[in-house]
Amino acid sequence: MTGAAVEVRDLRVELGGRPILAGVDLTVAVGEWVTVIGPNGAGKSTLLRAVGGLLAAPGVVSLFGTPIRSLRRRDRARVVATVAQSPVVPAGMSVLDYVLLGRTPYIPPLGRESAADLAAVHEVLDRLDLMDFDRRELATLSGGERQRVFLARALAQGATLLLLDEPTSALDIGHQQEVLELVDQLRRAHGLTVLATMHDLSVAGEYADRLVLLADGRVAAAGPPQEVLTEELLSRHYRAHVRIVQGDHGPLVVPIRPR
Amino acid sequence: MPAERADRPAGTPEASRPAGVPAAPSGGRVTRGGRPPAGPGATVRPAGLRTRWLLAGIAAVLVALVAGVSLGPVSLPPGSVAAELLNLLPGVHLDSGLTEREIAIVTELRLPRVVLGLLVGGLLALAGGCYQGVFRNPLADPYLLGVAAGAGLAVTAAITLGAGAGGAITGMPVTIPLAAFVGSLGAVAMTYGLGAAGGRDRSPATLILAGVAVSAFLAAGQTYLLQRHSDSIQQVYSWLLGRLATAGWHDVRLVLPYFVLTAVVVLLHRRELDVLSVGDDEATSLGLHPQRSRYLLIAAASLGTAAAVSASGLIGFVGIIVPHTVRLLAGSSHRVILPLSMLFGGAFLALTDVVARTAAAPAEIPIGVVTALLGGPFFVLVLRTSRRVFS
């Protein structure tokens, strides 16, 4: 396998004439977990969309050494799977059918699922402890259960690069940990690469190998959590008053009321 | 390469359960009671058309066929009619006991009308189900989107401005469906464009509002044309109300190619429409070209609508009633909705036509009036059950 899982060079994106990303470089090694943090509007989701191929970003994004432009959509979908920030939950669709959507890149256009696709989906459901849910309507599941189903669809895609846009923003603290532990376990067991965006800085630092701090469309800082989660950087880029406490798995960010 | 399957750790199912994730998380989890634990390859099947529903759809078409041909000013025994219909199949020779004249009524008068009803109803329902999927909008329908109004204006223009000059509408000139197609595509483009003006996250309501505006605009144009050409107002008006023509097999032959084309294109995309239901971004990241599929499907559904409208005028609500009934009864996957809508839509319209021509016999109620009478109350029901889509 040549090169990094994700290689972004000087990515510039304008939306409606407004620069969102103004020259971003990003490298994610195979098997690494990198989380992009940054204040609202810093361009985190845009960066993820560009890596996922949802934005035309000419020639500056490569996945596993291949420029994303030269990948056909179906081939790209076998390499990179995205869990959107708030995925659409189609009315009336069962968990099984929803996870089967993840097999789309393997199903011939206008064709139907094969027994192999079904087996792959059952295996993913089994692995994520979702076997009892397969007939349930997705819309009737709780937030934590849904997040596992979204993950299951991404895993059914068979991609080794996982893009997670705010994977836990809709979850309570217990389900946040449950989902992130699950992602980390899957990553270690199957050599997945994870590129995520997150708002909760302490949680972001505890799970990521490296953090990338985006501010105003540029990389303000990048590196291990200890180097990025500093009182100085966070007060400058978030205008936040925080205290950093060293935890067991990285720095913990505690908001302090300004006086 | 799907790596997560290739190097799955060996061991018990427990070994594959992520550390830190309890076996049965509390909260929101259903008990396992009531159904045996499903192993891989257990009986749970993906969404798809079940055989019994397919058979029910075919049965409905056959019932509509026999009833439609039997009932009328001269009622014929259904058994004899069924025998006579079977005689139309190659290699079948049954004695139906019908006179020559009755056989002529069956094959030259009633059968073409029933078949046209099956085709038009099937097209309208299929197009409705297709629009609802493409626009991810439970209220999308050839009428609410303005598609039918566009076709109506184009046909009115074609008749009044001379494209259909001389010919009565029955015995429709070939130019009429083409004009209708152009009109319907133009209307759907206007509706979609206006709805899109609301920005990326256009809501279902925006699209319907745009459709209402476009429909009103096109209907005004049509009224204006009719005012200016009052000599053809009678001709256009009887067509506008919706009616199944009785011009023998001519109209059937004209509609059939459009029916086949629309049905093939739309039905081939039935799984893709399920994928599109998660939205364009996610469909793209799953490897599809949502916009490309959308344009193709809109073109196909509009072509079908245009053919239906040019053959039978404005017959409302079939495109909403039928797909929603199917959705409520048989399932929400497009693999279920689309084929069943086509079958039940055809059967529904053919049976409605029986009501239209017998309820006030010897006069005929315009079929569009009958479908709208049934459709209005039904529409309210649909609104109530699909309320969550708008919340």
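In the protein assembly as shown, the DSSP beta bridges split such that about 60 percent are antiparallel, to the nearest 5. A Förster radius of 25 Å combined with the Cβ-Cβ distance from A:Glu232 to A:Val30 puts the calculated FRET efficiency at roughly 0.20.
In order along the stretch B:53-59, the Karplus-derived 3J(HN,Hα) couplings, from 6.51 cos²θ - 1.76 cosθ + 1.60 at θ = phi - 60°, round to 6, 4, 5, 4, x, 5, 4 Hz, and Gly and Pro are given as x.
With a 10 Å cut-off around each Cβ of A:175-184, the average count of Cβ atoms from other chains is 3. The amide H of A:Leu214, built 1.01 Å from its N in the peptide plane, has A:Ile37, A:Gly38, A:Ala220 as neighbours under 5 Å, considering only residues 5 or more places off or on other chains.
Note on the protein assembly as shown: helix-only mean residue ellipticity at 222 nm, from DSSP H runs of 4+ residues weighted -39500 (n - 2.57) and normalised by residue number, equals -16000 deg cm²/dmol.
You can think of it this way: the chain between B:Leu373 and B:Leu178 has 67.2 nm of extra reach, that is 0.36 nm per residue less the Cα-Cα gap. Report note on the peptides B:142-152, B:70-80, A:146-156, A:38-48: ranked by the mean count of other C-beta atoms within 10 Å, highest first, their order is B:142-152, A:146-156, A:38-48, B:70-80.
When both bridge partners sit in chain A, DSSP labels roughly 60% of those beta bridges antiparallel. Both radii were evaluated on the Cα set of the protein assembly as shown; the Rg over Rh quotient, with Rh as the Kirkwood radius, amounts to 1.07. Placing a label point 7 Å from the Cα of A:Ala91 along the Cα-to-Cβ line, the residues of the stretch B:107-125 whose backbone N sits under 19 Å from it are B:125. What FRET efficiency do you get for A:Asp248 and B:Leu256 if R0 is 51 Å and r is their Cβ-Cβ distance, rounded to the nearest 0.05? With a Förster radius of 51 Å, E is 0.10.
With a 10 Å cut-off around each Cβ of A:127-133, the average count of Cβ atoms from other chains is 6. Highest GNM mean-square fluctuation among A:Ala170, A:Ala220, A:Ala119, for chain A modelled with Cα contacts below 10 Å: A:Ala119.
Sorted fewest first by neighbouring Cβ atoms within 10 angstrom, B:Leu273, B:Leu329 come out as B:Leu329, B:Leu273. How high is the FRET efficiency from B:Asp231 to B:Ala299, r the C-beta distance, R0 30 Å, rounded to 0.05? Rounded to the nearest 0.05, the efficiency is 0.30. Sorting B:Leu123, B:Leu343, A:Leu130 from the fewest to the most surrounding beta carbons within 10 angstrom yields A:Leu130, B:Leu343, B:Leu123. Here the stretch B:315-363 and the stretch A:133-163 have alpha carbon centers that stand 35 Å from each other.
FYI, it's all coordinate maths here, none of it is from the lab. This structure is a prediction, so every number in the text was calculated from the model and none was measured. As a convention, Cβ positions derive from the backbone with ideal geometry for all residues, glycine included, and neighbour counts pool all protein chains shown.
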